[in-house]
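See below for the structure under consideration.
The values are calculated or read from the model by the stated rules, or taken from the named source; none is laboratory data. All figures in this text were calculated on a predicted structure; none of them were measured in a lab. Here Cβ is always computed from backbone atoms with ideal geometry, including for glycine, and neighbour counts include all displayed protein chains.
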Amino acid sequence: MNDNHFPGGVWPVMLTPFTADNAIDYNALGELVEWYLANGASGLFAVCQSSEMFSLTLEERVAYARFVKEKAAGRVPVIASGHISDSFEDQVEEILAIAATGVDATILITNRLAEQEESDQVWLEALDRLLEVIPRDIKLGFYECPYPYKRLLTPEMIARCARTGRFYFLKDTCCDMDQIRVKLETIQGTNMKLYNANTATLLESLLAGAAGYSGVMANMQCRLYADLCAAPSAPEMPALSDALTICALIERQVYPVNAKYYLQMEGLPITLHSRVKDAAELNATAQKEVLMLRRITERLRRLTHAPH
């Protein structure tokens with residue numbers, strides 16, 4: 001029985017604004033939440049890799065998740081991870097701490113449950129241990145985070161997890177339509193919904209039953225992804241999908257600093273400071289690329305009649 005009420009659409013992987021002295025800038029974070037919502041976000045994924053979660057303390061991760069949940073004020077659901085530790089005891093502590101912020105689901109990082117060389121059976125045994133100590137009323141999800149290594153869920157692993165009824169969200173990063181199609185078949189009729197992080201396969205996955213998009217480019221082109229998710233079968237969407245796929249190549253250029261620069265162009269009071277990337281790497285050429293992306297975005301919004 002499917003009782004997952006999380007909406008389809010765009011779930012941005014949220015950035016963390018920092019002050020010049022390296023603290024979380026909650027004023028800018030509040031404005032960022034409003035920008036996402038004004039640009040069509042259906043939900044918010046806080047405390048993820050784009051949030052630089054591996055460089056945030058547990059105290060910061062908890063404060064961030066609580067702030068976003070309170071700022072969203074029930075307008076959209078908020079999920080959060082921050083599940084970064086190696087030891088079982090530390091993982092339990094951080095999962096329970098994030099859940100206690102009141103977020104709508106707590107997201108597990110798939111590579112935290114086993115080492116890269118360890119088997120899926122080891123992974124499943126670690127998950128079973130976690131599920132024994134995590135209260136059943138805490139909704140859970142998965143993120144196939146690519147750092148420090150990417151562990152993709154197999155159909156067998158997904159089926160086992162979906163049968164528990166405790167998992168509601170899967171941020172898929174396999175970037176492979178054949179795998180996505182099998183995953184969608186596996187979760188059909190369960191509480192789990194798949195949100196694709198990859199633009200090149202997004203339109204096809206939406207038409208096949210994916211719930212939406214949860215990826216990097218929602219930090220720059222959120223409204224366009226909302227348009228695509230809202231009407232994937234509309235005749236103009238293949239052309240929009242093509243354009244977004246080429247635009248998404250900018251993910252490889254000084255992210256997340258370039259996304260923060262884009263948001264500056266949108267009028268947000270956000271610095272370029274990052275704990276994971278030197279802002280100086282965003283040189284004059286890289287800045288021009290971001291400005292060009294914003295001009296392309298505006299033209300595409302007019303093309304799809306998206307509201308400004």
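Applying the criterion of being at pLDDT 95 or above and closer than 13 Å to Ala46 by Cα to the residues of the range 72-93, the residue that is farthest from the chain's Cα centre (by Cα) is Ala72.
Taking Glu117 as the residue in question, decide whether it is over 20 Å from the mean Cα position of the chain (by Cα) and not in a helix (DSSP H, G or I). So Glu117 passes the test. From the list Thr245, Thr190, the lone residue that is assigned to a loop (DSSP other than H, G, I, E, B) and not hydrophobic (A, V, I, L, M, F, W, C) is Thr190. For Val68, the conditions (1) outside any helix (DSSP H, G or I); (2) under 28 Å from Tyr213 (Cβ atoms); (3) free of Cβ contacts under 8 Å to residues at least 60 places away in the same chain; (4) out of contact with any His (no Cβ under 6 Å at 6 or more places or on another chain) all hold with the exception of (1).
Conditions (1) out of contact with any Phe, Trp or Tyr (no Cβ under 7 Å at 6 or more places or on another chain); (2) in a helix (DSSP H, G or I); (3) more than 21 Å from Ile246 (Cβ to Cβ), marked per residue:
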position	(1), (2), (3)
Leu152	yes, no, yes
Ala159	yes, yes, yes
Gly165	yes, no, yes
Lys171	no, no, yes
Glu185	yes, yes, yes
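Please work out if Ala239 is closer than 19 Å to Arg299 by Cβ, of a type in the set (Gly, Ala, Ser), outside any helix (DSSP H, G or I) and out of contact with any Leu (no Cβ under 7 Å at 6 or more places or on another chain).
Working: closer than 19 Å to Arg299 by Cβ: yes; of a type in the set (Gly, Ala, Ser): yes; outside any helix (DSSP H, G or I): no; out of contact with any Leu (no Cβ under 7 Å at 6 or more places or on another chain): yes.
No; evaluated as a whole, the condition is false for this residue.
Restricting to the range 259-278, name every residue that is touching a Lys or Arg at 6+ places or on another chain (Cβ under 9 Å) and either more than 18 Å from Met14 (Cα to Cα) or of a type in the set (S, T, N, Q) (or both). Give the derivation first.
Taking the range 259-278 and keeping what is touching a Lys or Arg at 6+ places or on another chain (Cβ under 9 Å), we get 262, 265-266, 268, 270-274.
Residues satisfying the conditions are Thr271, Ser274.
Which of the residues that make up the range 1-20 are modelled with pLDDT of 95 or more and not aliphatic (A, V, I, L, M)? Scanning the range 1-20 gives Phe6, Pro7, Gly8, Gly9, Trp11, Pro12, Thr16, Pro17, Phe18, Thr19. When the range 104-143 is filtered for residues that are within 10 Å of Arg166 (Cβ to Cβ), of a type in the set (Lys, Arg) and crowded, with 17+ Cβ neighbours inside 10 Å, only Lys139 remains.
For the range 6-18, the criterion of being under 28 Å from Gly189 (Cα atoms), in contact with an Asp or Glu (Cβ under 6 Å, 6 or more places away or on another chain) and either of a type in the set (Val, Ile, Thr) or outside any helix (DSSP H, G or I) (or both) is met by none of the residues. Here Leu96 does not fit the description of being within 18 Å of the chain's Cα centre (by Cα) and either hydrophobic (A, V, I, L, M, F, W, C) or not in a helix (DSSP H, G or I) (or both).
Restricting to the range 144-160, name every residue that is in contact with a strand residue (DSSP E or B) (Cβ under 8 Å, 6 or more places away or on another chain) and crowded, with 20+ Cβ neighbours inside 10 Å. Of everything in the range 144-160, those that are in contact with a strand residue (DSSP E or B) (Cβ under 8 Å, 6 or more places away or on another chain) and crowded, with 20+ Cβ neighbours inside 10 Å turn out to be Cys145, Leu153, Ile158. The set of residues in the range 84-93 being surrounded by 13 or more Cβ atoms within 10 Å (Cβ to Cβ) and in a helix (DSSP H, G or I) consists of Phe88, Asp90, Gln91, Val92, Glu93.
Selection of first residues in the range 92-109 that are farther than 19 Å from Lys71 by Cβ and of second residues that are of a type in the set (S, T, N, Q), restricted to Cβ pairs under 7 Å at least 6 apart or on distinct chains, gives the following pairs, ordered by first then second residue: Glu94/Ser85; Ile95/Thr106; Ile109/Ser81.
Suppose the filter is surrounded by 15 or more Cβ atoms within 10 Å (Cβ to Cβ), closer than 30 Å to Thr190 by Cβ, in contact with a Pro (Cβ under 6 Å, 6 or more places away or on another chain) and not β-branched (Val, Ile, Thr); does Leu228 pass it? For Leu228, the condition - surrounded by 15 or more Cβ atoms within 10 Å (Cβ to Cβ), closer than 30 Å to Thr190 by Cβ, in contact with a Pro (Cβ under 6 Å, 6 or more places away or on another chain) and not β-branched (Val, Ile, Thr) - is not met. Taken over the range 41-65, the criterion of being crowded, with 23+ Cβ neighbours inside 10 Å, touching a Pro at 6+ places or on another chain (Cβ under 8 Å) and not in a loop (DSSP other than H, G, I, E, B) is satisfied by Ala41, Leu44, Phe45.
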